[in-house]
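Before any comments, here is the structure.
The values are calculated or read from the model by the stated rules, or taken from the named source; none is laboratory data. As the structure is a computational prediction, the values presented were derived from the model and not from experiment. Cβ sites come from the backbone with ideal geometry, for glycine too, and all protein chains shown count toward neighbours. Quick note on the areas: whole protein, heavy atoms, side chains included, nothing else; ligands and nucleic acids left out. Shrake-Rupley method; radii C 1.70, N 1.55, O 1.52, S 1.80 Å.
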Amino acid sequence: MDKDKYIGQSQEKDKIIRQLLEKVNELTFRLEQAEKRIAVLEAENTTLKSENAELKARLNQNSKNSSKPPSSEGYQKKPALPRSKKGRQGGQKGHRGRTLQQVAHPDHIIACRPDPCKCGHGFTNDELILAERRQVFDLPKPRLEVKEYQIQKATCPHCGIVSRGTAPEGVCAPVQYGNGVKAYMVLLGTHFTVPFKKVQLLFSDLFGYPINESTAWSAGQLCYDKLALTEEIIKDKIAASPIGHADETGIRVEGGLHWLHTATTLRHTYLFAHKKRGRLALRSEKSLLPRFTGWLVHDCWSSYFKFHGFKHAICGAHILRELEGLIENHQSKWAKTLKTFLLHLYHMPFEERVKRRDQLCGRFDHICSIGKQHEPAPVKTKGKRGRDKRTKGRNLVERIIREKKAVLAFAFNSHVPFTNNLAERDIRPIKVKQKVSNCFRTLQGADIYARVQGFISTARKNNRNVFLELSHTFEGHNFITSE
């Protein structure tokens, strides 16, 4: 009996052990599954954190920490470089103002005679003397001046041949608008970005002549044709310059994305529209970069570095904005150090930079090496071709190491500027134009705008009267600068 009881207890224990083993195996399996699930969730969490950080960085982007254009920020102060707050605001001592001054020979003189004396004596001209002069500068009532060319003819009394006079060149219709009106229309439509319809309304309000939209378009087309040779002169001047600036920006043409490119100097501006942004545009027949041989200041767009016929200088303001983005969004210490170094280098006297060149280059290399150590290494993306995935910080540090000579070009070449602001200023008017008109209906319209605006910008840089220069253009004269 004891034996049967012992066997029963043993079987009961075996059963319990089996149940416990099954429970352990089940829990072990669940634990393994949980660990796998945790690993998946951790990976997802890492990805979500990365995406969240990237989205926050995008949300916090502005013109000071990214390539976002200043025009997208509304009415804010948008200095290209950080400015010190030292000094008195407003006009400085010795500043030459432009206060309205009286002229020696006014167009009209109106005498303000005194009333008769209380005793009844009326003053004669001989008794009056000048006490004070006050001048009012105002616009006369605008009107169009009409010139009539009377073409005369005569019959020779001896041979009977009829001789007929000829009108001046360009006067080829019974009624037409003159070069001054055409220049004014082009100036309003291009430089002051007034739409054709408003040009028509303005002429109607001022002069009583509602100009047709087709007339304004034809004036722009004619100006474009007459500026062909002048544009070649401007391109030759820029190509021969020791310093040039280049930039590009997106524009809407025929409902799609096109690009407006610029090559510019302190005295000349050249603009052209193209369907592409990169190599196809920069090496097209419109571009002058293939024959440029000086220093070209530009941003880090890779297509510029495909050219080996000129020397490269990278815009320092672009580098500072990218560094500021890393500082704000990733608390990157190396980025803050490099930004401080570049600003210190920018404010340092040129002679001191040259004297300390090896030391400064060594400091730059050291900061970049620290940045390369701190930024995550490239990650190979499975199933995808192309470059390994890099963070913004990694891309930046690798780029400035690779293009060290271009980044520091301003420091050791006295005529190379720190920023590319000149090109950005020359290309900025197209943004105002597109805010008013939204887009160009045709590529031809974009080409007309680019050539005329480049000419107007060049005239401005040479302190020429733009209206007179456009009038001379319609008369067939080419613009020649003093250089």
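Of note:
- Qualifying residue in the stretch 441-458 (condition: in a loop (DSSP other than H, G, I, E, B) and within 13 Å of residue 260 (Cβ to Cβ)): no
- Failed item in (1) closer than 19 Å to residue 146 by Cβ; (2) open to solvent by 20 Å² or more (accessible area, probe 1.4 Å); (3) not charged (D, E, K, R), with residue 203 passing the rest: (2)
- Residue, most open to solvent (accessible area, probe 1.4 Å), within the stretch 375-403, restricted to residues that are touching a residue at least 12 places away in the same chain (Cβ under 8 Å), among the charged types (D, E, K, R) and part of a helix (DSSP H, G or I): 392
- Residues located in the stretch 287-307, provided they are open to solvent by less than 60 Å² (accessible area, probe 1.4 Å) and outside any helix (DSSP H, G or I): 287, 288, 292, 294, 295, 296, 297, 298, 299, 300, 307
- Among the residues making up the stretch 308-322, those that are closer than 19 Å to residue 417 by Cβ, of a type outside the set (Asp, Glu) and either open to solvent by 10 Å² or more (accessible area, probe 1.4 Å) or more than 15 Å from the chain's Cα centre (by Cα) (or both) are 310, 311, 312, 313, 314, 316, 318, 319, 320, 321.
- Residue selected from the stretch 337-355 under the condition surrounded by 15 or more Cβ atoms within 10 Å (Cβ to Cβ) and basic (Lys, Arg), by the criterion nearest to residue 397 (Cα to Cα): 339
- Test: residue in the stretch 179-200 that is over 25 Å from residue 446 (Cβ atoms), open to solvent by 50 Å² or more (accessible area, probe 1.4 Å) and either aromatic (Phe, Trp, Tyr) or over 30 Å from the mean Cα position of the chain (by Cα) (or both): no
- Residue tally, condition assigned to a loop (DSSP other than H, G, I, E, B) and either surrounded by 18 or more Cβ atoms within 10 Å (Cβ to Cβ) or touching a Gly at 6+ places or on another chain (Cβ under 8 Å) (or both), over the stretch 206-233: 2
- The residue of the stretch 119-145 that is farthest from residue 178 (Cα to Cα), among those that are in contact (Cβ under 8 Å) with a residue 24 or more places away in the chain and among the basic types (Lys, Arg), is 133.
- Considering 320, 257, the condition of being among the hydrophobic types (A, V, I, L, M, F, W, C) and in contact with a Gly (Cβ under 6 Å, 6 or more places away or on another chain) is satisfied by 257 alone.
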